[in-house]
Amino acid sequence: MVTEEAHDVMRGMGRIMRSGIAVGVMAAVFLTLGACATRPAPADTAAVAAFKEANDPIEPLNRYFFAINNQLLDPLIIKPLAQGYDIVLPRVVKDSIRNFLDNLDTPVILANDLLQGEWGRAGTTLTRFGINTTVGIAGLFDPAERWGYQQHSEDFGQTLAVWGSGEGPYIFLPFLGPSPPRDIAGFVVDRFFDPFTYISFDGDTAFAFARLGAGGIDRRARVLDTLDDIERTSLDYYAAVRSLYRQNRNNSIANGRFDPAALPDISDIDYDFDTDIDAPDAAPNGGAPQTTPPPESLAPAPDAQGNNTIETQPAPASGLGVGT
Amino acid sequence: MRMTANPPCTTPFFTAPFFTAPFFGRVYLRAGIVLMALSCLALATLAPSAARADESARQYVGDLGDSAIAILGDDTLTPEETETRFRALLLGALDIRRLGLFALGQYARLPTPQQREEYFELLADFIVAVYLNRLSSYSDEKFVVTDSIEKGSKGREVIVSSDIVFSDGTAPLPVQWWLIRDPDAATFKVFDVNVAGIWMAQEQRGTFASQIRNNGGQFEALLDGLRAETRLAQTGAEAG
């Protein structure tokens, strides 16, 4: 009908305008807040190395969004919903919701298992789908788990990592949380694998939002206590969340395989670098000009680039070197 | 127990007799085979020491975990006594110096020696306060060591896997222990602990570096942060 088409066009235009406004707002925020982190002076090798290890060039903007999330969106909207969900619904219902949502994710998980060459895990995914959709009544129950087929999650961000992609600079978005470029790209590609992108219920996006919303609230409810605990006990909650996100992603990417070689190599690090308390105070990283070099016998010599740092290998939690 | 393969038994010694045999005849062939057998025997007697070292690492972790759970689950102790004993256990087991310097990351050379010593003290308080808080709920559980694996090229590190088994049927919590051999005392020190996939020292490394960097590269900012956070964790423990 003509009016219906006109309605669609208006809705589409509205969406474009809104996204245009959103982009404009983001750009303004970006420019005015000085979103880019100040790079440390190149002479300060430790600070430069630490800056690179953190891999967070727009940290001020990230912290701003983190503060919005943490002090506004979460306490006002997300957390109360998650707490209500957690308290009101009995465990069976919550488990059913989670099982149902996990089952709906099967095509995406299967596609990514295959793309990563994980045939065994792909077989498990198919088996789980077969069992849970039938015996488990449309995925509400999870008999497959009891029969030995464990649930696992996959997404295209993990596939990109397995193919060798680094995480990219850390980005924190309101509502979505940590979203580095690789994981955002992965999320977008996953929408193409997801059959529900193509099945539209009369052009109504309610189902898609309901699914996204329910998944988000379920996940938030699962980590209520953990996040509270981390917030209370960490020096810098933002940095703790960043580190936890990266470690968690690395675990998911590894698909349960533990490789000790992937951990930082500490065997060559000599920590006894100044046992002589009369040695001149080296303080090479304070930014002040160094007048006396540390005694050769006590300190490891700077390497060819003149780097004076102990640590030369970043911990994998930085997201650098993942997938290599 | 995981048996390590002995590559030398399978490569050069294996091939040597067959290369030399055509030229030097049967005598050398037999000698080669005897030599190979003796080498393998020698290596076989050496290999169990690696397995024995693994075993002692697992024993160490098993004892540590059991002691921790015993302290946390002892209802006869007052909170102060629990903290004192837990602190003694933790500080005896942890390699605070290495752990602390690793957690400073690229800023390991920043502090003066006095600041560094103060940092180790504060870090010890911080660890006890935070992890006593986090672990105080794990008092009714069983601790099971599952596996161990060597790490690093110098044979100084072992990673031991274990599970905390819950009495209420929740899935076991995997905990991994990154141990460094202490050659003098013929025992181990704990360098890092991985709970449910998260390495603790690596988590703190990012946080400490961030604290220093966002406060103009001043080390004192980290010390202040540690003091404040320890106080917060301690009052949280008293209140909760």
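Every number here is computed from the coordinates shown, using simple stated rules; none is lab data. Note that the coordinates shown come from a computational prediction; the quantities given were computed from them, not determined experimentally. Every residue, glycine as well, gets a Cβ built from its backbone with ideal geometry; the counts of neighbours run over all protein chains shown.
Look at the stretch A:256-266: the mean tally of other chain Cβ atoms within 10 Å of its residues' Cβ atoms is 5.
Peptide B:192-205 is shielded by partner chain Cβ atoms: per residue, an average of 5 of them sit within 10 Å of its Cβ. Each of B:Pro113, B:Leu89, B:Thr76 was placed along the dipole of region B:75-119 (beta-carbon charges, centred on the mean Cα), and the one lying farthest toward the positive end is B:Pro113. A simple rule links phi to the HN-Hα coupling: the Karplus curve 6.51 cos²θ - 1.76 cosθ + 1.60 with θ = phi - 60°, which for region A:217-222 gives 5, 4, 5, 5, 5, 5 Hz, with x for Gly and Pro.
In this rough spin-label picture, where each label sits 7 Å from Cα along the Cβ direction, the B:Lys142-A:Thr133 distance is 4.0 nm.
Local charge for A:Thr125 was computed over the other residues whose Cβ lies under 11 Å away, with Lys and Arg +1 and Asp and Glu -1, and equals -3. Note that region B:81-87 has calculated 3J(HN,Hα) couplings of 5, 4, 5, 4, 5, 4, 4 Hz, one per residue in order, obtained from phi through the Karplus relation 6.51 cos²θ - 1.76 cosθ + 1.60 (θ = phi - 60°); glycine and proline are x. Straight-distance candidates among the lysines for linking to B:Lys151, with alpha-carbon spacing under 29 Å and chain neighbours fewer than 8 residues away dropped: A:Lys52, B:Lys142, B:Lys189. Exposure proxy shown here: for B:Val145, B:Val165, B:Val195, B:Val130, the number of other Cβ atoms within 10 Å sets the order, fewest to most, as B:Val165, B:Val195, B:Val145, B:Val130. Computed 3J(HN,Hα) for region A:241-249, one whole-Hz value per residue from the Karplus formula 6.51 cos²θ - 1.76 cosθ + 1.60 where θ = phi - 60°, is 4, 4, 5, 5, 4, 5, 5, 4, 4, glycine and proline marked x. Panel order for A:Val92, A:Val241, by other beta carbons found within 10 Å of each beta carbon, from fewest to most: A:Val92, A:Val241.
Taking a sphere under 13 Å around the Cβ of B:Leu122 and counting the other residues whose Cβ falls inside, with K and R at +1 and D and E at -1, yields a net charge of -4. Amide H contacts of B:Asp192 (H built 1.01 Å from N, in plane; Pro and chain starts excluded): B:Trp178 sit under 5 Å, all sequence-distant by 5 or more or on other chains. Remark: A:Thr125, A:Thr133, B:Thr76 ranked as B:Thr76, A:Thr133, A:Thr125, counting other beta-carbon atoms within 10 Å and listing the fewest first. Listed by chain and number, the lysines placed with their C-alpha closer than 26 angstrom to that of A:Lys79 are A:Lys94; residues fewer than eight positions away on the same chain are left out.
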